[in-house]
1. Does the stretch 250-262 hold any residues that are in a helix (DSSP H, G or I) and within 29 Å of residue 313 (Cα to Cα), and which are they?
2. For the stretch 247-262, indicate whether the set of residues that are in contact (Cβ under 8 Å) with a residue 24 or more places away in the chain, under 17 Å from the mean Cα position of the chain (by Cα) and farther than 21 Å from residue 175 by Cβ is non-empty.
3. Scan 232, 241 and give me the residue that is in contact (Cβ under 8 Å) with a residue 40 or more places away in the chain, closer than 23 Å to residue 267 by Cα and in contact with a helix residue (DSSP H, G or I) (Cβ under 6 Å, 6 or more places away or on another chain).
4. For residues that are at pLDDT below 50 and among the aliphatic types (A, V, I, L, M), tally how many sit in the stretch 56-92.
5. Return the total of residues in the stretch 186-238 being more than 30 Å from residue 92 (Cβ to Cβ), hydroxyl-bearing (Ser, Thr, Tyr) and either assigned to a loop (DSSP other than H, G, I, E, B) or touching a Phe, Trp or Tyr at 6+ places or on another chain (Cβ under 9 Å) (or both).
6. Please specify each residue of the stretch 179-189 satisfying the condition of being buried (at least 20 other Cβ atoms within 10 Å of the Cβ) and in contact with a helix residue (DSSP H, G or I) (Cβ under 9 Å, 6 or more places away or on another chain).
7. Cβ-Cβ under 6 Å, sequence separation 6+ or interchain: first residue in the stretch 296-322 and assigned by TED's automatic domain parsing to the domain that holds residue 95 and among the polar types (S, T, N, Q), partner assigned to a strand (DSSP E or B) and modelled with pLDDT of 95 or more. Which pairs?
Amino acid sequence: MRPESRPRTLLLFALGVLAAAILFRLDILRFLGLGRKSFSTSSSAAAAAASTTTAAASKFSEMAASAQQDEAKGQVYFLSHGGPPTMFDTNSAPYKAWIKYGKAVADAKPKGLIVVSAHWENPSNSDSVVVNEDQTNPLVYDFYGFPSEYYQQTFVSRGNNQMLSDVKDALKGSDVRFSTAKRGLDHGVWVPFKVAFAGRTDIPIIQVSLPGDSNPISAAKLGRALAPLREQGYGIMGTGQAVHNLRDFMMGRQASYGDVFLKAASAAVADPDPANATINLFRHPQYRNAHPSPEHLLPLVVAAAAVEKDDKLRTLFVDPNGALGWGMWMWNQKPQVEASAETAPATEATA
């Protein structure tokens, strides 16, 4: 039995015991009515017992449905987080895409979000990662030279002990070495989240660093390690940038490579094996132009590696923007009917 299914199993067992007790009480009443003339069977008592049984059955159904909903498989997301100015650019397409993402998360009602950002790499230069254990999620203003109001922006969120424990267990179970640190959310997380969740969220959030070796294989290993947490209802998210050559962008240089690479990234996430396809982006002829350093592409590998075969891709936003191309995608489990239809054997047409 999966550990995450135990609470539901205990709930169902307890409700079953309650229903059995009610039925047993009804049988006793009937038995006493038949065995003793001085205690005639009371139709009102029987009706009351039957009513209680019906109510219990109804409550059982509601609680079972709630338990099933609580165990809904978590989704996978990748966001392009751009730069801090986007959080003030309310008419921009990326700003609106972040709001679209926030609505998708709200509709999914995840148990929590585990986030991997381009702006936190393990400083150890190894394939190990760091897990933030500061559950107050303070903000890291890791950008420079902006007006003072940028450093006064807020986003309120928290982690929780159970989620922290679940993340650690997932990493241990996949032999991903990790340490812990008290650290806040960097701007790759809180800037888009501030817009997506209107400044605050009750969804627990824990940030995990990228591995320190800048290796896409290590990033994929991290994504696969986090993937089982989806079965417990947690969402997995990478935040980086589909194309990220900040120097060319700031200097206004022609960047035809950006559109070429963005098309390749869009094809990679749609591939039947998105983990390998996104790893192969690091061999693309335009990779070094699109990403002079790898950190903004690695979170896409983490996300893609958390995707399962029965997941369905949804494109939230793609915008060719030269040296700073935008791509935002999410994956969620296909509806059972749709998945069954895809795996059903084809039938030959008859005349």
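1. Step one: of the stretch 250-262, the residues in a helix (DSSP H, G or I) are 250, 256-262.
Listed by number, the residues that qualify are 256, 257, 258, 259, 260, 261, 262.
2. No, the stretch 247-262 contains no residue that is in contact (Cβ under 8 Å) with a residue 24 or more places away in the chain, under 17 Å from the mean Cα position of the chain (by Cα) and farther than 21 Å from residue 175 by Cβ.
3. Of the residues listed, the single one that is in contact (Cβ under 8 Å) with a residue 40 or more places away in the chain, closer than 23 Å to residue 267 by Cα and in contact with a helix residue (DSSP H, G or I) (Cβ under 6 Å, 6 or more places away or on another chain) is 241.
4. Of all residues in the stretch 56-92, those at pLDDT below 50 come to 56-70.
Now narrow it down to the ones that are among the aliphatic types (A, V, I, L, M): 56-57, 63-65, 67.
Counting residues in the stretch 56-92 that are at pLDDT below 50 and among the aliphatic types (A, V, I, L, M) gives 6.
5. 1
6. 185, 187, 188
7. Correct list of pairs: 315/329.
Residues checked against (1) in the same structural domain as residue 179 (by TED's automatic domain parsing); (2) surrounded by fewer than 16 Cβ atoms within 10 Å (Cβ to Cβ); (3) assigned to a loop (DSSP other than H, G, I, E, B):
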residue	(1), (2), (3)
127	yes, no, yes
131	yes, no, no
136	yes, yes, yes
142	yes, yes, yes
145	yes, yes, yes
159	yes, no, yes
163	yes, no, no
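The values are calculated or read from the model by the stated rules, or taken from the named source; none is laboratory data. Keep in mind that what you see is a predicted model, and the values were worked out from it rather than measured. So basically every Cβ, Gly included, is an ideal-geometry build from the backbone, and we count neighbours across all protein chains shown.
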